[in-house]
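The values are calculated or read from the model by the stated rules, or taken from the named source; none is laboratory data. For clarity, every value in this text was computed on a predicted model and none was experimentally measured. Every residue, glycine among them, receives a Cβ derived from its backbone with ideal geometry; neighbour counts consider all protein chains shown.
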Amino acid sequence: MIKLLFMLPLALCLLWTGYLKANGYSLSQGKQGYTYILIFSAVIAAFYTIMLWLTRL
């Protein structure tokens, strides 16, 4: 599962792009959404990194 975590931000960005296009927004108007997606993904990655370090797997 951890090997596929890189796909989470990719999938979320694709969904966000689809939402923007479906509602007539430009990609520049949705820039803040991309920022939130990347921050959310970084927090998840940091959490898993800390958990792996703590359990020493």
| said: Condition first: of a type in the set (A, V, I, L, M, F, W, C) and at pLDDT 95 or above. Now tell me which residues in the range 13-37 satisfy that. | reply: Cys13, Leu14, Leu15, Trp16, Leu20, Ala22, Ile37
| task | Could you list, in sequence order, all residues of the range 19-57 that are touching a Phe, Trp or Tyr at 6+ places or on another chain (Cβ under 9 Å) and of a type in the set (Val, Ile, Thr)? | result | Ile37
| said: Cβ-Cβ distance below 6 Å, separation of 6 or more or different chains: which pairs start in the range 30-57 with a residue that is in a helix (DSSP H, G or I) and end on one that is of a type in the set (A, V, I, L, M)? | reply: Ile37/Leu12; Ser41/Leu8
| message | With the requirement that a residue be modelled with pLDDT of 90 or more, aromatic (Phe, Trp, Tyr) and surrounded by 12 or more Cβ atoms within 10 Å (Cβ to Cβ), what does the range 38-57 give you? | response | Phe40
| message | Every residue in the range 1-30 that is more than 19 Å from Ala45 (Cβ to Cβ) and surrounded by 11 or more Cβ atoms within 10 Å (Cβ to Cβ), please. | response | Thr17, Tyr19, Leu20, Lys21, Tyr25, Leu27, Gln29, Gly30
